[in-house]
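K.L.:
Here you go, one structure.
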Amino acid sequence: MNTIEGGVTAAKGFEAACCEAGIKYKDRTDMALVFSKKPCVSAGTFTSNVVKAACVQWDQKLVASGDPLHAVVVNSGIANACTGKEGFEACEKTAKAVEKALNVPFTSVAVASTGVIGMQLPVEKLTAGVEKMSTTLDSSKSAGTAASKAIMTTDTVNKEVAVTFEIGGTTVTLGGMSKGSGMIHPNMCTMLAFLTTDLDIDKSLLQEAVSEVVKDSFNMITVDGDTSTNDTLLVMANAEAGNAKITEKGGDYEIFKEALFYVCAFLAKKMAADGEGASKLFEAKVVNAKTKEDARTLSRAIVGSNLSKAAIFGCDANFGRFLCAMGYSGASFDQNDVELYFESENGRLLVFDKGTPIVFDEDKALEIMKADAVTVFVDMHEGSEEATAWGCDLTYDYVKINADYRS
C-alpha cells in the first residue's frame with residue numbers, strides 16, 4: 001500500500017466540484033459535489049443518535065436499497081436536522097436537481113449536511129449550487145481538495161487522504177475526505193466522511209468491511225462527548241480499476257480492508273487533532289486487556305474524560321485522572337495489574353506501576369506533555385487484546401467557539 005497525494009478524486013472515474021451557495025456563510029465555498037458517471041456500489045454507517053437529520057435518513061434508505069449510487073451532495077452551515085417534512089423535501093429537491101443536471105436517477109444521489117441544527121435549508125440556493133457545480137466537475141487533485149474545504153464548518157484544516165494497493169496485479173486507488181471538529185463522539189462514525197474507490201467488490205462485502213473498520217477508527221475518537229445528529233460515512237466503489245471482482249473473503253479482501261482501515265484511521269486522527277479549540281492530539285493506547293471490547297472501552301474513557309483532557313492541555317502528569325476514567329468506564333480490571341506511561345516524541349515515562357505510584361521526574365514529564373501529540377500508554381497485564389482511541393485537549397477556546405456557534 002502506498003500513500004499518494006489527493007482525496008476523493010484520486011480513484012479513477014470520480015470528479016468533484018464546489019461552489020459558494022450562500023447557505024449560511026458569506027464569501028466562502030459551502031457546497032460540494034462528488035460524482036461518478038459509472039454507477040457505484042455503496043456502503044455506509046450512520047449516527048446512533050435517535051434524533052437523525054433528514055439527510056441521514058435519506059442516505060440510510062439509499063444504501064439499504066442496494067440501488068447504485070452516482071453522486072453525493074454536501075452542504076455546510078445548516079445541518080437539516082430537526083426540520084420535519086420540509087427537511088425531507090430539501091433532500092429530494094437537491095437529488096432531483098442532480099438528476100436534471102447530470103442525467104442520473106435522483107434515487108442514486110446521496111445528500112449530507114453539517115452545521116446548525118433546527119434551521120431550514122434554503123432549497124433554491126441548494127439547487128442553484130447543484131446546477132453550478134455540475135458544469136465545473138473535474139477529476140483533478142485540486143478539485144478534490146477544494147471539495148474537502150467546502151464541507152468545513154469549525155474545522156481549521158481540511159482533511160483528505162488517498163492510497164493505492166494491488167489486487168491481483170491490478171492497481172486500485174482509495175481516497176477520501178472528512179470534516180469534523182466539534183460534536184465528535186463514538187457511535188457510528190463521526191461527523192461526515194466520504195470515500196471513493198475504483199475497486200470492483202460485492203456490495204455486501206463492502207458493507208461488512210466498512211462496518212468492521214469503523215469500530216477501530218471513527219468510533220475510537222471523541223472531542224466533546226456529543227454524538228451528532230448527522231454522522232455519516234459513505235463509501236462509493238465504481239469498479240473502474242478493472243480488478244477481478246472481490247466476491248468472497250480472502251487475501252484480496254484483507255488487502256482492501258487494510259487500506260480502508262488506514263484511510264479511515266488517518267481521517268479520524270485528523271479530526272481528533274482538529275477538535276474545536278484543540279492544541280494537542282491526545283491518544284490513549286491500551287494493551288494486554290482481557291477482551292477487545294475492554295480495550296476499546298478503557299481507551300475511549302481515557303480520551304473522553306474532561307479532567308484528563310484538561311490535564312493534557314495543562315501538561316499536568318496527573319495520572320490519577322486517567323486511572324479514574326478507566327475505573328468508571330464499565331470495564332472490569334484489577335488496578336494492581338496496571339502500568340501507565342506518558343509518551344510523546346520527547347520521550348516515555350512510567351508513572352504508575354501495578355498499583356503503586358512512581359516517583360518520577362516532573363521536568364521530564366512536562367517535556368513529554370508539551371509535544372503536539374501526547375499518548376497515555378496503559379498495559380493491563382490481563383490478556384492479549386489492544387485498542388487505541390484519539391481525542392484532544394480541552395482548552396478555553398472550546399467554550400468560546402460553542403458559546404456563540406449559532407451566531
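The values are calculated or read from the model by the stated rules, or taken from the named source; none is laboratory data. Computed from a prediction, not measured in an experiment: that's the story for all the values here. Heads up, the Cβs are rebuilt from the backbone with ideal geometry, glycines too, and the neighbour counts pull from every protein chain shown. Accessible surface areas use protein heavy atoms only, side chains included; no ligands, DNA or RNA. Shrake-Rupley method; radii C 1.70, N 1.55, O 1.52, S 1.80 Å.
K.L.:
Only one of these is within 19 Å of the chain's Cα centre (by Cα), hydrophobic (A, V, I, L, M, F, W, C) and open to solvent by 10 Å² or more (accessible area, probe 1.4 Å): ALA32, ALA21, ALA10, ALA64. Name it.
P.N.:
ALA10
K.L.:
Kindly indicate the residue of segment 242-272 that is among the β-branched types (Val, Ile, Thr) and crowded, with 19+ Cβ neighbours inside 10 Å and also farthest from the chain's Cα centre (by Cα) among those meeting that condition.
P.N.:
Looking at residues that are among the β-branched types (Val, Ile, Thr) and crowded, with 19+ Cβ neighbours inside 10 Å, I get ILE246.
K.L.:
Hey, another quick one. For segment 22-36, which residues satisfy the criterion of being in contact with a Leu (Cβ under 8 Å, 6 or more places away or on another chain) and either without any contact (Cβ under 8 Å) to a residue 40 or more places away in the chain or of a type in the set (A, V, I, L, M) (or both)?
P.N.:
ILE23, MET31, LEU33
K.L.:
Of all residues in segment 51-61, which are open to solvent by 10 Å² or more (accessible area, probe 1.4 Å) and touching a residue at least 60 places away in the same chain (Cβ under 8 Å)?
P.N.:
VAL51, LYS52
K.L.:
Name the pairs: first residue in segment 348-359 and free of Cβ contacts under 8 Å to residues at least 40 places away in the same chain, second residue assigned to a strand (DSSP E or B) and among the aromatic types (Phe, Trp, Tyr), Cβ to Cβ under 7 Å, at least 6 apart or on different chains?
P.N.:
Close Cβ pairs (under 7 Å, with a partner that is assigned to a strand (DSSP E or B) and among the aromatic types (Phe, Trp, Tyr)) amount to ARG348/TYR341; LEU349/TYR341; LEU349/PHE342; LEU350/TYR341; VAL351/TYR341; VAL351/PHE342; ILE358/PHE352.
K.L.:
I'm checking my understanding of the structure. Among residues of segment 332-363 that are over 33 Å from the mean Cα position of the chain (by Cα) and open to solvent by less than 60 Å² (accessible area, probe 1.4 Å), which one is nearest to HIS381 (Cα to Cα)?
P.N.:
Going through the qualifying residues, I end up with ASP337.
Conditions tested, residue by residue: (1) touching a Phe, Trp or Tyr at 6+ places or on another chain (Cβ under 8 Å); (2) open to solvent by 20 Å² or more (accessible area, probe 1.4 Å).
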position: ASN49; (1), (2): no, yes
position: LEU69; (1), (2): no, no
position: ILE78; (1), (2): no, no
position: VAL111; (1), (2): yes, no
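K.L.:
Kindly provide the set of residues from segment 281-315 that are open to solvent by 10 Å² or more (accessible area, probe 1.4 Å) and basic (Lys, Arg), ordered by number.
P.N.:
LYS285, LYS290, LYS292, ARG296, ARG300
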